[in-house]
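K.L.:
Pasting a structure below so you can have a look.
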Amino acid sequence: MPNDDEQTVGGGSAHDFADRTAAAEQLPLDARADAFAALHDELRTRLESGGSASA
């Protein structure tokens, strides 16, 4: 069974997703909102295009 680093979330590894989320959390509020909006848009696009999201 793959570990968290090998599982994918929206076409990227779960580790990449966690890193991007953690980095966004460190930003000032207005920049944080933009970072999470960009992450949301990317994940939505991947989901709508048929990308897999394993948990």
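Each value in this text was obtained by applying a stated rule to the coordinates, not by laboratory testing. Being a predicted model, the structure only gives us computed values, none of them experimental. Please note: Cβ atoms are built from the backbone with ideal geometry, for glycine as well, and neighbour counts cover all protein chains shown.
K.L.:
Once you list every other residue whose beta carbon is under 15 Å from the beta carbon of GLU42, what net charge do they have if Lys and Arg are +1 and Asp and Glu are -1? Don't skip to the end; give the middle numbers.
P.N.:
Values: positive: ARG20, ARG44, ARG46; negative: ASP16, ASP19, ASP34, ASP41, GLU48.
Charge balance near GLU42 sits at -2.
K.L.:
Give me the net charge for the shell around ALA33: Cβ to Cβ below 14 angstrom, other residues only, Lys and Arg +1, Asp and Glu -1. Mind showing how you got there, number by number?
P.N.:
Values: positive: ARG32; negative: GLU25, ASP30, ASP34, ASP41.
Value of the local net charge: -3.
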